[in-house]
Structures are given as structure tokens and as C-alpha cells.
Amino acid sequence: FRWYSATGELLERTGKLSRACRQFDAVPNLMSMVTGAGPTKVPGVVRYLMRIANTGVAPAVDFDARLSVDGGVVDTVTIASLEPGASRDVVVLGPECTTSVSSIADPDGVIVESSEDDNAHTVNCQG
């Protein structure tokens with residue numbers, strides 16, 4: 001703070017610091033995990049299962065969930081709504097994995113979340 005005279009002369013100055021404050025916003029927190037894979041009737045096509053969960057305190061609305069196999073995007077599914085504490089299993093058909101399978105919730109970062117660190121999950125293929 002600074003106080004000046006009518007002529008613009010600095011009369012007194014002081015500074016005060018307060019602790020950093022945290023403001024709480026009710027936001028979702030999306031998590032993604034590859035939870036399984038299984039055969040289909042079509043040779044070379046695998047049924048992948050990913051679980052998308054909202055561990056936040058607000059609903060997540062109109063966001064994508066993406067599955068990639070061996071670094072290539074296989075499919076992106078739009079989820080209309082996911083309430084706090086809820087999860088949804090998503091099935092995606094894709095090619096056989098040779099190195100890794102990844103799932104990611106909100107791949108484009110459209111949803112404001114309490115943490116972006118748990119949106120993606122990758123597992124190595126069993127060879």
C-alpha cells in the first residue's frame with residue numbers, strides 16, 4: 001500500500017502478505033483404464049474394454065473417450081453424461097495388439113477437471 005500527499009509525494013508505504021488461498025470449484029475428474037480384451041468371431045479383431053469413471057464432484061457432459069492400439073487411434077466414443085462417482089464400460093473393436101493399448105478420457109482437454117494426471121492409461125500387450 002502507498003499513501004501520497006495532495007502534491008504526489010510518497011508519505012508512507014507498507015506491504016502485507018497473506019497465505020495463498022484455494023478456491024474450490026465443483027468440477028469433474030475423469031479417469032480411464034483399459035480393463036480387458038477378448039476375441040471376437042472375426043480373425044484379427046479384438047474386443048477391448050475400457051472403463052471411464054468420474055471421481056469428481058460435478059457431472060461431466062459431452063466428452064470423448066479414445067482407445068488406441070499400438071499408438072494408432074482405433075475409435076473415439078462420445079459420452080453424453082457421467083455423474084460424480086459413476087463409471088461406464090465402453091467396448092471398442094480393434095486390431096490385435098502387438099505393443100500396447102491405451103485409453104484416454106477427454107483426449108482434447110475440453111472438460112475442466114480437478115486433475116488431468118489420471119485421464120490416460122496404457123497397458124503392454126501380452127506376447
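Note on the stretch 11-35: among residues that are in contact with a strand residue (DSSP E or B) (Cβ under 6 Å, 6 or more places away or on another chain) and modelled with pLDDT under 95, the one that is farthest from Q126 (Cα to Cα) is L11. Can you report the number of residues in the stretch 1-49 which are touching a Leu at 6+ places or on another chain (Cβ under 6 Å) and of a type in the set (G, A, S)? Within the stretch 1-49, residues that are touching a Leu at 6+ places or on another chain (Cβ under 6 Å) and of a type in the set (G, A, S) number 2. Those residues that are touching a residue at least 40 places away in the same chain (Cβ under 8 Å), touching a Phe, Trp or Tyr at 6+ places or on another chain (Cβ under 9 Å) and over 30 Å from T99 (Cα atoms), I need them from the stretch 1-44; list them, please. The answer is P28, and nothing else. Only strands (runs of 3 or more DSSP E) whose full extent lies in the stretch 36-97 are considered here, and the ones with at least 2 residues that are open to solvent by 30 Å² or more (accessible area, probe 1.4 Å) and touching a Ser or Thr at 6+ places or on another chain (Cβ under 8 Å) are 45-54, 60-69, 87-95. Given the structure, is A37 small (G, A, S) and within 21 Å of G109 (Cα to Cα)? In short, no.
Of all residues in the stretch 98-117, how many are open to solvent by 40 Å² or more (accessible area, probe 1.4 Å) and within 12 Å of L30 (Cα to Cα)?
Keep residues of the stretch 98-117 that are open to solvent by 40 Å² or more (accessible area, probe 1.4 Å), which gives 98-99, 104, 108-110, 112, 114, 116-117.
Restricting the remaining residues to those that are within 12 Å of L30 (Cα to Cα) gives 104, 109-110, 112, 114, 116-117.
Result for the stretch 98-117: 7.
The values are calculated or read from the model by the stated rules, or taken from the named source; none is laboratory data. Keep in mind that this is a model prediction, so the values were computed, not measured. No Cβ is skipped: glycine too gets one built from the backbone with ideal geometry, and neighbour counts run over all protein chains shown. Surface areas here come from the heavy atoms of the whole protein model, side chains and all, with no ligands, DNA or RNA. Shrake-Rupley method; radii C 1.70, N 1.55, O 1.52, S 1.80 Å.
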